[in-house]
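Computed from the coordinates by the stated procedures, all read-outs in this text should not be read as laboratory data. Small disclaimer: the values here were computed from a predicted structure and weren't measured. As a convention, Cβ positions derive from the backbone with ideal geometry for all residues, glycine included, and neighbour counts pool all protein chains shown.
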Amino acid sequence: MQPDSQIDKKTPQTADEYISVVRILSSMINSSLDSMIIKVFTSEDEKLKELTRAAEVVETIASLRGDSGLFRDMRPKGLIEYQKEMYAIEDALREKLVGLGYKYPQRGI
C-alpha cells in the first residue's frame, strides 16, 4: 500500500476520535516542551529556532480547535462538546511555551 492511501484513510470520523487526536498530539507537544525546560542550548539562535518550531506545533492545536478554519471541512458533528477542553489545552500549551521564553509576534492592527 502506498503511504498516500494510508494517509487518506486516517481522518477522525467522530467527535470522540477527533478529540482523541487532539489529546494525543497535545500530550506529545507538552512532553516536548517539558524536555525543553532542562535542555541546555548551545546558543540563543538555537533556542529561538526550537521555540519557534514548538510554537508552530502549539498553533496546530489552535487550528484543530477551529481558530483558522483550516480543518473546518473535516470537523465531525458533536465536536462543540469539546470546545472548552480544546481551549484549555491550547491555553496551557501557549502558557508553557511563553514560560520557556517564546514571544509571539505582535499582530498588526
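Each Lys and Arg Cβ is given +1 and each Asp and Glu Cβ -1; about its Cα centre, the chain then shows a dipole of about 120 debye.
Counted residue by residue at 0.36 nm each, then reduced by the alpha carbon distance between them, the extension gain from VAL98 to SER20 reaches 25.6 nm. Could you tell me which of the pairs LYS9/LYS84; LYS47/LYS96; LYS10/LYS103; LYS47/LYS84; LYS10/LYS47; LYS10/LYS39 are separated by over 24 angstrom between their Cα atoms in the structure shown? Among LYS9/LYS84; LYS47/LYS96; LYS10/LYS103; LYS47/LYS84; LYS10/LYS47; LYS10/LYS39, the Cα-Cα distance tops 24 Å for LYS9/LYS84; LYS10/LYS103; LYS47/LYS84; LYS10/LYS47; LYS10/LYS39. Per residue of the chain, the DSSP helices (runs of n ≥ 4 H) give a summed -39500 (n - 2.57) that works out to -21500 deg cm²/dmol at 222 nm.
Cα extents for the chain along the principal axes, largest to smallest and rounded to whole angstrom: 44, 40, 27.
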